[in-house]
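Right, one structure below, let's go through it.
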Amino acid sequence: MSELHTDERREEEIRQGESELYPPPQHVLETAHVSAEDYARYRKEGTENPVKFWEDRAREMVDWFEPWEKAFDDSNAPFYKWFVGAKTNIVYNALDRHVKTWRRNKIALIWEGEPGDRRVFSYYRLWQEVNRFANILKGMGVKKGDRVTIYMGRVPELPIAMLATAKIGAIHSVVYGGFSVEALAERIQDAQSKVLITADGGWMRGKIVRLKDIADEAVKRSPVVEQMIVVKRTGHEVNMEVGRDFWLHELQQLPIANGTCETEVMDAEDPLFILYTSGTTGKPKGVLHTHGGYQVGIATTLKWAFDLKDEDRWWCAADPGWITGHSYIVYGPLILGVTSFMYEGAPNYPYPDRWWRMIEHYGISVLYTAPTAIRGLMRFGDAWPKRHDLSSLRLLGTVGEPINPEAWRWYYRVIGGERCPIIDTWWQTETGNFMITPLPVTPLKPGSATFPFPGIVADVVRDNGEPADPGEDGYLVIKHPWPGMARTIYGDPDRYVRQYWSKFAEQKWYLTGDSARKDEDGYFWIIGRMDDVIKVAGYRLGTAEIESALVSHPAVAEAAVIGVPDEVKGNVIYAYVILQAGYEAKPELEDELKKHVRHELGPIAVPAKIEVVDKLPKTRSGKIMRRVLRAKAMGQPVGDLSTLAD
Ligand code: WT7
């Protein structure tokens, strides 16, 4: 932990945003699920007695095969348990229960591919597809508790594969389709997945991403995979290894695929998925979530924060490969029985109005995206969105990094027509669900995620645990466990304790890794990560993974990576490398190293700049002083160098 204090840019953003207040519009006050009075009451009750609050929600939001004996168990802290003894399966709540009601005919998912193709799934049809896929997995020998890795683009088969895995009680590990060979190999290896579900390719900006080739190379490095299921998406020629690789459409023709597949009865605390995320060390953390508490957390937060109703068309523009997609593309909306929209490709392909065109065409009513996407589309000017009728929108959302007031106002004015509250949701892979977020009735300040969700006890504290004063930067902590929280890091419970529960061990608080401040009105302002995690275009990357990718190139002896502020992406990556003896700093080398990082980790991890240096600034204990590198990159004074070794 190093930097408690905000950079100048965020400081200026907070100063601007603090002085503005946007009250909720009339349509919200008249129709929202949670009224202003109820909100105040829930916040009070949820803080005083979080267990009671979440128990009420668990009864109200989802169905259980058998009720719990104990709502909350802290006997083995920090390995907390929720709804102990209850029996459930999230897929029962997401699909099975709906096909017994009128909802079987409701649209669950509308999908548009980048080339313009479309598919629509009713709840009944989606349920059938999930049954077929689940039967196939069972037929391949996948059992309760087995891990299944899923590596695909944004196509309907991705949620279908996730739901099928969960239906039979197996654990999915989805690896984002923008990751590459080493990132995938490492995640397969850590989860020890015997089955890998992938696609021949995916469409992105008019080009084919060759997913199957990457999968083949990853499996060479992690040979635990025994079987691969391959979805035909792009139709180009791929290598299919006889006896190991199977086309999904061919498996679907086999008699084993037919009929319904019984939903496995799970314990509330049984694992649902592992999702890898970046931390301080090079090895990604397998964040583990469970069937019981997680479904309560995501259903409650989605319903209340985005006020979803039967008539809505919800578009969470994230990727199912991240927690945002797990919680709010796949499981949350299905549990609530709403209609979702999903789009395969790039926002500006073939033109910068692709998103606005689709909002108009499908009548999207709630859009949830990231500041980097908003800033990226803002750059193309107002004319592109203004060509389209966006009046179907009634709420907007943002997530992933702090939003600057300028982007907030543009989103509010140009996209939302000044009638859509902006729901700025702060949360993490580890938290499972929104933690700090407005509800539609909350008066908004641009750039602030406003207040903790009811039932979430969040605070900003000093290093010694004392509460920080208004306007003072401190550690963002969560002071009481919540049902949707991660239960452990897969295969590494010690790391779970060390990472999240050791800084404030005495108080038993969860350490988020973010710094924040509260203003005089109690609004929370997120500042950013305090550890070696960088948010690049909303993606969470660890400096250590990028450094180890660089060092895996024969020319590189040592590498140091930092995040440098960027107008659109929030941050971009700068890398400093020391070359191995015998290598020279040539202009081609920078390109070659970038290509290498792209091949190993994927396009999102490629540094904007790689500079060859003779030395790296280190402390006497050998830790890289990233502060010094950042100052150098930004042309600022380097400050106190007394701890520098050399
Ligand atoms: C980190 C978690 C689950 C959401 C997607 C990212 C940053 C997230 C906000 C926000 C300011 C935000 C934090 C957090 N972050 N949302 N609304 N305002 N910062 O999940 O990849 O696990 O990253 O994203 O720094 O710690 P993630």
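FYI, it's all coordinate maths here, none of it is from the lab. Given the structure is predicted, the values throughout are model-derived calculations rather than measurements. Using ideal geometry, Cβ is built from the backbone for each residue, glycine included, and neighbour counts are taken over all protein chains shown.
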Could we say that K212 is of a type outside the set (G, A, S) and part of a loop (DSSP other than H, G, I, E, B) here?
no
Answer yes if at least one residue in region 89-96 is more than 26 Å from the chain's Cα centre (by Cα) and either in a loop (DSSP other than H, G, I, E, B) or in contact (Cβ under 8 Å) with a residue 24 or more places away in the chain (or both), and no otherwise.
no
Return yes or no: is G484 more than 15 Å from the ligand (Cβ to nearest atom), touching a residue at least 24 places away in the same chain (Cβ under 8 Å) and of a type outside the set (V, I, T)?
no
Being farther than 16 Å from V148 by Cα and surrounded by 13 or more Cβ atoms within 10 Å (Cβ to Cβ) is the filter here, so list the residues in region 228-249 that pass it.
K232, R233, T234, V238, M240, W247
Filter the strands (runs of 3 or more DSSP E) completely within region 517-574 down to those with at least 3 residues that are among the β-branched types (V, I, T).
533-536, 556-566
How many residues does region 442-452 hold that are of a type in the set (A, V, I, L, M) and buried (at least 24 other Cβ atoms within 10 Å of the Cβ)?
1
Take the residues in region 108-138 that are β-branched (V, I, T) and touching a helix residue (DSSP H, G or I) at 6+ places or on another chain (Cβ under 8 Å), then tell me which one is surrounded by the most Cβ atoms within 10 Å (Cβ to Cβ).
V130
If you go through region 374-399 one residue at a time, how many are under 24 Å from T339 (Cβ atoms) and within 16 Å of the ligand (Cβ to nearest atom)?
6
Return yes when S193 is among the hydroxyl-bearing types (S, T, Y) and either more than 20 Å from the chain's Cα centre (by Cα) or under 16 Å from R244 (Cα atoms) (or both) and no when it is not.
yes
Please determine whether any residue of region 206-223 is farther than 21 Å from L601 by Cβ and under 24 Å from the mean Cα position of the chain (by Cα).
no
Residue list for region 421-441, filter: more than 13 Å from the ligand (Cβ to nearest atom) and buried (at least 24 other Cβ atoms within 10 Å of the Cβ):
P421, L439, P440
